[in-house]
1. Along its principal axes, what span do the Cα atoms of the stretch 227-298 show, with the longest given first and each in whole Å?
2. Hey, any idea what % of the chain's accessible area is carbon plus sulfur with a 1.4 Å probe?
3. Starting from the amide H of LEU106, placed 1.01 Å from N in the peptide plane, find each other amide H under 5 Å away whose residue is 5 or more places distant or on another chain.
4. Over the Cα atoms of the chain, what is the Rg over Rh ratio if Rh follows Kirkwood?
5. According to the square roots a ≥ b ≥ c of the eigenvalues of the Cα gyration tensor, what is the shape class of the stretch 32-122, taking rounded for a/c under 1.5, prolate for a/b larger than b/c otherwise, and oblate for the remainder?
6. Leaving out ligands and nucleic acids, and using a 1.4 Å probe, what accessible area per residue does the chain come to in Å²?
7. Taking just the alpha carbons, could you work out the radius of gyration and Dmax for the stretch 167-316, both in angstroms?
8. As a test question: what accessible area, to the nearest 10 Å², does SER99 have when a 1.4 Å probe is rolled over all protein chains in place?
Amino acid sequence: MVENQNSEVSKVGRLITILGPTATGKTSRAVQLANEINAEIISADSRQVYREMDLGTGKDLEEYGSIPFHLIDICEAGDKYNLHKFLQDFQSSLSEIKSRGKNVVLCGGTGLYLETALSGVLLPEVPANIPLREKLEKLSLQELTEILKKYKTLHNTTDVDSVKRAVRAIEIEEYYRTHPDEAVSADKKKATPLESIIIGIYIPREERRKRITERLHKRLEQGMVKEVEGLLKKGIAPEDLIYYGLEYKYLTLYAIGKMPYAQMVKELEIAIHQFAKRQMTWFRGMERRGFKINWLPYDLSKEEFLLQVKRLFEGD
């Protein structure tokens, strides 16, 4: 594929999406493709954004090799990441990667994130909140910084390098908190969908169930319980971990003595199977809503997978 520099696959600035239910090998496929077309990967996973939540979210960071990845490990465990933040981070990463003359592979299994991003939804213009501004402007920069920390984790000093910036940052976060549905739905009506070839990784139901079970037991052996216990020891409240659902819900219940180990494993396995089913339901819904998903078998060889993708590019 790489030899033909004039082919469609060699165009820069393209967005290619790889999606599918859990345990289908999306990450490895994204890395194979990114290596082939000079791309960076943007993750669309609602839980891989959290640091130190590795085994439970299936980050498999070793698979990326030298491929740059985005929107993984950008929040502290215990934070509450959401769709609005994802859209903002996605647009920022997309622009940044394209500015370097590279292609982009969007990869993940969080249907809401994927569909909303591909719909071209942009964050709304946040109106001024005069009463809130008047109240906040009386506070010191340090006091404003502490307030902003309650809304989000501060990864840099951009939002708090002046009182004016800090006030505006709090104003925006408060608007998002009080208008989550209105903000997204309002923009969706006038959004222009992004141009993207969408590749779905298809796996038969029974094989999917087998892989989920095998992966769960492997991660338990690798220390998934210790991962959760470590987070609890660091002071993260049990309810904050339970909030993340699936592995973190059940492992936390076990860690705090609310559920015996055997029951935890059994109920967690069932929950992951149900989650994978809901993922497929969402992706089928995306197809009904107008998104063309090109489904490729999960067990293709690397060479056959890349050949099939090349054909999609050439037919695009």
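1. Principal-axis extents of the Cα atoms in the stretch 227-298, largest first: 45, 25, 19 Å.
2. 49 percent
3. Counting only residues 5 or more places away or on other chains, the set is ILE16, THR17, ILE18, ILE42.
4. Result: Rg/Rh = 0.99.
5. oblate
6. 51 Å²
7. Spelled out, the Cα radius of gyration and Dmax of the stretch 167-316 are 20.6, 56 Å.
8. Roll a 1.4 Å probe over it and SER99 shows about 90 Å².
The values are calculated or read from the model by the stated rules, or taken from the named source; none is laboratory data. This is a predicted model, so every value here is computed, not measured. These area figures cover heavy atoms from the full protein model, side chains too; ligands, DNA and RNA do not enter into them. Shrake-Rupley method; radii C 1.70, N 1.55, O 1.52, S 1.80 Å.
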